[in-house]
Every structure is written in C-alpha cells, then in structure tokens.
Number of protein chains: 2
Amino acid sequence: MNHDARRYFALPSPFAMKRGGELHGARVAYETWGELSAARDNAVLILTGLSPSAHAASNDEDPSPGWWEAMIGPGKAIDTSRWYVICVNSLGSDKGSTCAASINPATGEPYRLDFPELSLEDVAHAAHGVVNSLGIEQLACLIGCSMGGMSALAYMVLHPGSVRAHISVDTAPQAQPFAIAIRSLQREAIRLDPHWNNGHYDDGDYPEAGMSIARKLGVITYRSAMEWNGRFARIRLDPEQRDDNPFGLEFEVESYLEGHARRFVHTFDPNSYLYLSRASDWFDIAEYGNGSVMEGLKRIRIKQAMVIGVSTDILFPLEQQEQIADGLRAAGAEVEFVALNSPQGHDAFLVDIPNYSRAIGGFLGRL
Amino acid sequence: MNHDARRYFALPSPFAMKRGGELHGARVAYETWGELSAARDNAVLILTGLSPSAHAASNDEDPSPGWWEAMIGPGKAIDTSRWYVICVNSLGSDKGSTCAASINPATGEPYRLDFPELSLEDVAHAAHGVVNSLGIEQLACLIGCSMGGMSALAYMVLHPGSVRAHISVDTAPQAQPFAIAIRSLQREAIRLDPHWNNGHYDDGDYPEAGMSIARKLGVITYRSAMEWNGRFARIRLDPEQRDDNPFGLEFEVESYLEGHARRFVHTFDPNSYLYLSRASDWFDIAEYGNGSVMEGLKRIRIKQAMVIGVSTDILFPLEQQEQIADGLRAAGAEVEFVALNSPQGHDAFLVDIPNYSRAIGGFLGRL
C-alpha cells in the first residue's frame, strides 16, 4: 500500500509570476477524493489557508486524518460519493509544491530568498493548471478557506467561466491594516531570530524562537477572547507542570499556546511562511476594479455562492464577508450570506463542524 | 529653575511584598499639581498604566508635556485650581521608583531577576504610602487607568475608608486569558532575545528586537481595527521610504508600528517591563471574594464611582468595565457607567480627549 496520496502537476515552464520573475520546472502537489463524472461536471476544488497541506481528508493511499477530515467523505458535507474533490497545496507552500525551500534549478541550491515574490494570483494560476490538467473545464464549486478564500477570488476573477458555484469561508476581499499588522509582526519575529540568518538556516539551526512567537500570535488571532474566557478563564497549571520562574508557564492559556507552537515549529519552512504571509497582505480584489472592492468583485462571473463568516473573527471580520456577498450579488450571482456566532473565531471552520457542515452541506446539496 | 518635578517617598524598610520577599531602602517617585486644601480633602490620586511615568502633566518644575497633558491643569477636566493632584510612578517601574534595574543594597548590583515577585497590591501599598506621607487620610477621588485601574481596585480593597470617589478607566477586575496570552507573548519575545541574556543586558547590549516586538504587539492591542481601517487602509509608503526586500516596511501601518517601537525601546527597562506585565496577569479582585469577582468588588467601600470603557477595546473589553460598575454598585456606591464608542480602542483615554474630558470633568465637577 502506497501511503502517499499526493499527486503532482508540473507547471508550464517557465511559469511567470505576477510580480516579476519566473519559475522553471515548478510543480504543485494535490490530492483527490471521489470519482470524476463522465461529463467532468462534478469537481469541487478546495483552496487552503496559509499552512495546511493538500491532505484535507484521509483516502485509500493515505489513511491519516486530513485537516478538514470531518467535512470531506462519503455522506459528509462535502460528499465524495457525489463530488470529485480536489485539494491543492498552494504554490509557495512547502507541503510538496515548489517553494522557497525547493532547489533552484539555476543554482542547484535552495531558492531561500531568491524565490520570486509570491502573490495569491500565482497560487490561483497554479491551482487552475491542476484543474485543467484533469480535463475539467468548469468547477461545480470552488471552496476557499481563510487565505484560500482570497486565492479563490483571484481564481475566479482571472479565469472567467471556470467556476459555477463558490463557497467563501472566513476570508476577505483584501487585507485590512489590522491583519497586515499581525502578519508583519509574525514575519518580524522570524526575521529577528538570529537563527533565521537572512534565510540561510537549516533544520539543525532553525529559527525556532521566531517561529514559535509567530505561531502563538497566529493562534491568538485565529481564536477568540470569548471562547478562551469559557475554556481557560484563569485556570493555572498544576504546580509540578509550572516553570520555576515568574515568567514561565503558569496559566493554562500559556501552556495551550506553547503546545500549539511546539507542534508547528520544524513542520513549516520559515521562508515559505514569510512568502505566503506577505502574499496575503498584498492581495486586493480592488486591483481588478479600479481601486474599488465592489467593482473588483463585480467582475466575477458565477451562478451561485455561499459566503460564510463568524462574528468572533478578529482577523477576517464579518463585515469583510458581507462585502464579498454584496459584491458577488451585484455581479449577478445568487448569494447566501451565513453569519455564524461560533465562539471559536477565525478557526471556527476547523472546529465548529456542526454549523459549517450544515451550511456547506446544505449549499452543495442544493446545487 | 529645577527641571525635575519628581519627588520621592521612601517606603518603610523593609517593605514586605505580597508574594514573598522584601525590599530595603525602596522608594517611589511622584509628582503633584495644585494646592492641598487646609482640610486636606481635595486630593486626587492617579495610578498609571504599565509604562507611563509620574509626569502626567507639565508643571512649573518640569514644563515638558505629560502623558495626560490635555486632561490635567487649571480649568481642565482634572482641574488643578480645585484639586490637589498626585500621580505616582508604580513600584517596579523604572521611572524613578525602585524596580528590577535599581541597585540591590544587599549586593551593590542591580536586582535584575533577583527583584522579588511584584504584584499590583504592592504597587497599591506603595502609592498609599505616598498619600499618607502627605498627611491625606482620605482621597477625594482615586483615578486608575488601564493597569492603574487594577492597582486602584487593590488600593480600595486593601485600604478601606481611604477613598471617597473612584474613576475607573479602561481596566478590568481580573486579567482574562486573551490579555494574559498577549502579555505572555510580549514577555516571550523579550526573553527569547539573546541580548536579554537572562536579565543581564546593559544599554549597549539591549534586547532591542524583543522589546520592539513586545511594543508593537502592545500597540496593536491598544488600538482598534476599526480605527486603522479609516486611518491606514492599504496606504503604502512612498517607494523611497520602503525597504528593498519584500518583507520590509511597505504599508503605512507597518511604518506606524515601527515608529512606536523605535520611540519605546531604550526608554523602558526590559526586566521592569516583565515584572509589571506579569503583575497585571496575576491581579484578580476575586481573591478578595472567595473566588468571585462580584464578591471581591463588594468589599470596596466608596461613596461614588464612574466606570468608563470603550466598545473597541480588545484588551480590557467593555463587559469587564460593566462587571466593575455592577460590583461597586452592589457594594453600595452610586455608580455611573460610561460606555464610549471611541474608535481608538484601549488607548482611547489618551486620544479621545473630548469624550474622556466630558465624562471625567463632569463627574469631578459634581463631587
């Protein structure tokens, strides 16, 4: 049994990047679930957030649970007995796709900071290439979560007619200054770590402190104060679990963040993190609408959409989902706007499975 | 002309700390404005947030603007032609009071991490000592802003009868997990900076990167996303102001944070920052009420209070001010609760002078 479910799509070479520069011999990794119909009209593409791989769910080749395991499978909200589901690892991510940690064929060394500037439009183009290579002219549905929601907007505006229906999950039509500030600080924590060494680290000399701070700050902004009041309150660790100094781990919430950071560092290439993070800052659908978000969204031609957001999301606030819904509606799509009150904040789509299943499963069921 | 308006109060020696340990020969710095009445019944004490000094406003001895300049002076909201105003630099802060950077008389060397664990109760006791030393038995009003609001609650619960009226500004009756998480991450950024060197830095080898990250994270949580949408949107720096690399300063909001950080580092002792930050995590009025915030607040005996909070404050959310108002009311005080919609977040008390002047000036005028 082959435990690697990953397949690879070789990008056209050279692959020109939006902001300049090009990649030679680049590829993106993807996985699939279900069967493509004879008419090739049942494909659902999922574009991911900043860190997930293409392994969104278990499959025969790789039975380990995926990052959206509870949502994808036979009889689940994204029902693989009906849909042919594709999940692509973003170009620039280190989970099988070409990224800053890949070998630059021009030098035989890793790109590191010589990787060209990455945009979510490049991520979208690469994903569109995968879909095309599978002989699919039009997706039945394009689902984008978090950063992937921005990549999805890029996909639809750059490839008119390539998508019938769209599900937008906890995302934004452009980065707002609060989100830019948070990401900028995450990047700064990595870049100020001496072990980052201007991109020239290796696994034995890895910017662990910087990545740890970046991840903790991510987790703080992915969740919500409301959830934590109920979950952690002011609970302390048992004395034997505590550090011996007044600034060490004492409260449960500190230990929770530490656990998240430990599981994250060394599983993500720091330079790739920097590139994807900056790409998120740069994305702005208004570039396609003469500086207007609404006009940019109005250039997207799809039939139906569901736009989901959460009132406790501080990184991609609900008003931004409403903008997307309004824009797609103004563009002529039939749009359902779902405002959830999940306490988990931005990460609700990974945690509040009942509400997201109901919304997404319901929408897909009506297609 | 003497440009130092600071006066010093020598704490009783030894000065026992709440969490254990004691200080010998310690002092706190303070400044005053206005004249104490013959009956000594017109004193207003201000307890500050984490970083400000006792120089809340200009005075004859030091004409430089103070941190609450617009609020304090003749005819201003805190009217120094009527009130005798005192502002104390918190014990543990490095603006003249004994702190981790002070010389430990037992060794002749700076305390650094040998400074005993600091609590806001210690800060409150020290401030109460200043007031007593001025011959004042009861404050006409105790004003506490941010961390100083928590110190003020400690002051009132530990010194019954010492305060007639109270103004609570953008604070909390206990630290919630979101605020603990943010502060924990700020401390981690400092502690992970190799230049921190377990507290053994000096000004030539100062943990600038860690302090910069801590300050930026502070500023992000002191302001609000809403304000920044209006103020910065996605405005870019002029090309000649930008860094040459894709991760350098590009957006106005990044430059704004950088400016704040540059003005902050080297003006604050990192170890003192750690101590005051942790003291804020530890404070919990529920300790005085058998684990109940409400019961803790009910032990405070004052006549009148005004409790002010801001709907955009993510660090000390409005619900926490409402808790304070409810608790003081249940304790028998006449309480006005003022919920402002200032867009500036936690820092509104420093910025939205019209609204804060109206509230505070109105309340003091009615005393």
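The values are calculated or read from the model by the stated rules, or taken from the named source; none is laboratory data. What you see is a predicted model; the values in this text were computed from it and never measured. We place every Cβ from the backbone using ideal geometry, glycine too, and count neighbours over all the protein chains shown. Note: areas computed on protein heavy atoms with side chains; ligands, DNA, RNA excluded. Shrake-Rupley method; radii C 1.70, N 1.55, O 1.52, S 1.80 Å.
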* **Dipole magnitude of the protein assembly as shown, debye to nearest 20 (Cβ charges: Lys/Arg +1, Asp/Glu -1, about Cα centre)** => 1540
* To do: Please report the relative contact order for the range A:248-356, taking Cα pairs under 8 Å with a sequence separation of at least 6, and give it as a percent rounded to a whole number.
  => 20
* the range B:179-273, relative contact order in percent, only Cα pairs under 8 angstrom and at least six apart counted -> 30
* Structure fact -> In whole percent, the Cα-Cα distances of the range B:263-361 spread across 5 Å bins from 0 upward as 3, 12, 16, 18, 19, 17, 11, 4, 1, 0
* In nm², what is the average projected area of the convex hull enclosing the Cα atoms of the range B:179-273? -> 7.2
* Structure fact -> Shortest first and in nm, the label-point separations between B:SER64 and its counterparts in the other identical copies (7 Å out along Cα→Cβ) come to 5.7
* Asked: Given the C-alpha centroids of the range A:210-287 and the range B:32-63, what is the distance between them in whole angstrom?
  -> 40
* Structure fact -> Expressed in µm² per second, the diffusion coefficient of the range A:34-144 from the Stokes-Einstein equation, with Rh the Kirkwood radius over alpha carbon pairs, at 20 °C and 1.002 mPa s, is 142
* chain B - Rg and Dmax from Cα coordinates, angstrom -> 20.2, 65
* Accessible surface buried once B binds A (1.4 Å probe; total of both sides; Å²) -> 4200
* Given H placed 1.01 Å from N in the peptide plane, which residues other than close sequence neighbours of A:VAL163 have an amide H under 5 Å from its amide H? -> A:LEU139
* Determine the shape class of the range A:71-118: with a ≥ b ≥ c the square roots of the Cα gyration tensor eigenvalues, call it rounded for a/c under 1.5, and otherwise prolate if a/b is greater than b/c, oblate otherwise. => prolate
* Structure fact -> Candidates A:SER13, A:SER280, A:SER272; GNM for chain A (alpha-carbon contacts under 10 Å) flags as most fluctuating A:SER13
* Structure fact -> Answer in debye to the nearest 20: the dipole magnitude of chain A about its Cα centre, from +1 Lys/Arg and -1 Asp/Glu charges placed on Cβ, is 1000
* B:LEU237 versus A:GLU240, label points 7 Å from Cα toward the beta carbon: distance in nm? -> 5.2
* To do: Between copies, how far apart are the B:GLN138 label points? List them in nm, one decimal, shortest first, with each point 7 Å from Cα toward Cβ, please?
  => 8.0
* Any idea what % of Cα-Cα pairs in the range A:4-74 are farther than 19 Å? -> 48
* Structure fact -> Here the correct list, in nm and shortest first, of distances from A:ASN198 to the same site in the other copies, label points 7 Å along Cα→Cβ, is 3.2
* Asked: How large is Rg/Rh for the range A:64-202, to two decimals, with Cα atoms and a Kirkwood Rh?
  -> 1.01
* How far apart, in nm, are the 7 Å Cα→Cβ label points at B:TYR8 and A:GLU322? -> 5.7
* Structure fact -> Any trypsin sites (Lys or Arg not before Pro) in the range A:276-314 that lie in a DSSP loop and have at most 13 other Cβ atoms within 10 Å would be A:LYS303
* Asked: Ranked by accessible surface with a 1.4 Å probe, highest first, in what order do B:LEU118, B:LEU249, B:LEU350 come?
  -> B:LEU350, B:LEU249, B:LEU118
* Structure fact -> Probe 1.4 Å, all chains present, heavy atoms only: A:THR267 accessible area in Å², nearest 10, is 70
* Asked: Given a cut-off of under 8 Å on Cα pairs at least six residues apart, what relative contact order in percent is computed for chain B?
  -> 17
* Top of B:TRP68, B:TRP196, B:TRP228 by mean-square fluctuation, Gaussian network on chain B, Cα under 10 Å -> B:TRP228
* Take the alpha-carbon centre of the range B:122-156, take the same for the range A:132-162, and report the distance between them in whole Å. => 61
* Structure fact -> Mean projected area (nm²) from the convex hull of Cα positions in the protein assembly as shown is 34.4
* Surface share of carbon and sulfur [accessible, 1.4 angstrom probe, percent] for the range B:6-50 -> 48
